[in-house]
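*Asks:* Below you'll find the structure I mean.
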Amino acid sequence: ALGEAGVSAYTSNLHKWVCTPKGTAFLWVRKDAQRWVRPITISHGYGLGFTREFLWQATNDYTAYLTVPTAIAFFRKVGPERILAYNKALVDAGARRAVAAWGASVKYPIGSASTMLCVSLPAGKLPAT
């Protein structure tokens, strides 16, 4: 789908959108564009092709990537619409609690955001820990 849309390269994190551990992400590069995309760290896969150059970088811990297939299966099973609705409800509830507890203000009306909302705490007031 990305190649058909004329996209040369696309990257995104997975921890934010698919609920995997932080640090997991993906990179997709159209075949004809792979010749000009290289990893920042040169490792033992250098010169062995696009995938192998990115596959194993130095001494990084790749354990988090073992969760990706299960997280994607969960995401597909539950469905992005249901996950987004749940996250939106959490954002709205959190914003309401911040306003009620601390007199916080929100830049946009509660209910208008999808997964994030900026909440400003009043000057000199910090939440109790």
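*Asks:* Kindly evaluate Leu66 against the criterion of being assigned to a loop (DSSP other than H, G, I, E, B), more than 26 Å from Ala5 (Cα to Cα) and among the hydrophobic types (A, V, I, L, M, F, W, C).
*Replies:* no
*Asks:* Among the residues of region 15-28, count how many are out of contact with any helix residue (DSSP H, G or I) (no Cβ under 6 Å at 6 or more places or on another chain) and surrounded by 12 or more Cβ atoms within 10 Å (Cβ to Cβ).
*Replies:* Of the residues in that region, 7 qualify.
*Asks:* Can you tell me which residues in region 29-46 are open to solvent by 80 Å² or more (accessible area, probe 1.4 Å) and either under 15 Å from Ser8 (Cβ atoms) or at pLDDT 90 or above (or both)?
*Replies:* Lys31, Asp32, Arg35, Trp36, Arg38
*Asks:* Something else now. Please go through region 65-89 and give me each residue that is closer than 12 Å to Ser114 by Cα and among the β-branched types (Val, Ile, Thr), ordered by number.
*Replies:* Ile83
*Asks:* Which pairs turn up if I take residues in region 81-110 that are assigned to a helix (DSSP H, G or I) and at pLDDT below 90 and look for partners that are open to solvent by 50 Å² or more (accessible area, probe 1.4 Å) and of a type in the set (D, E, K, R) with beta carbon separation below 8 Å, at least 6 apart in sequence or on another chain?
*Replies:* Within 8 Å, the pairs are Trp102/Lys125.
*Asks:* Collect the residues in region 1-14 that are outside any loop (DSSP other than H, G, I, E, B) and open to solvent by 60 Å² or more (accessible area, probe 1.4 Å), keeping them in residue-number order.
*Replies:* The answer is Tyr10, Thr11.
*Asks:* If you don't mind, there's one more thing I want to ask. Which of the residues that make up region 57-109 are in contact with a Lys or Arg (Cβ under 8 Å, 6 or more places away or on another chain) and open to solvent by 60 Å² or more (accessible area, probe 1.4 Å)?
*Replies:* The one that is in contact with a Lys or Arg (Cβ under 8 Å, 6 or more places away or on another chain) and open to solvent by 60 Å² or more (accessible area, probe 1.4 Å): Trp102.
The values are calculated or read from the model by the stated rules, or taken from the named source; none is laboratory data. Keep in mind it's a predicted model, so treat the numbers as computed, not measured. So basically every Cβ, Gly included, is an ideal-geometry build from the backbone, and we count neighbours across all protein chains shown. Accessible surface is based on the protein model in full, side chains and every heavy atom, while ligands, DNA and RNA are left aside. Shrake-Rupley method; radii C 1.70, N 1.55, O 1.52, S 1.80 Å.
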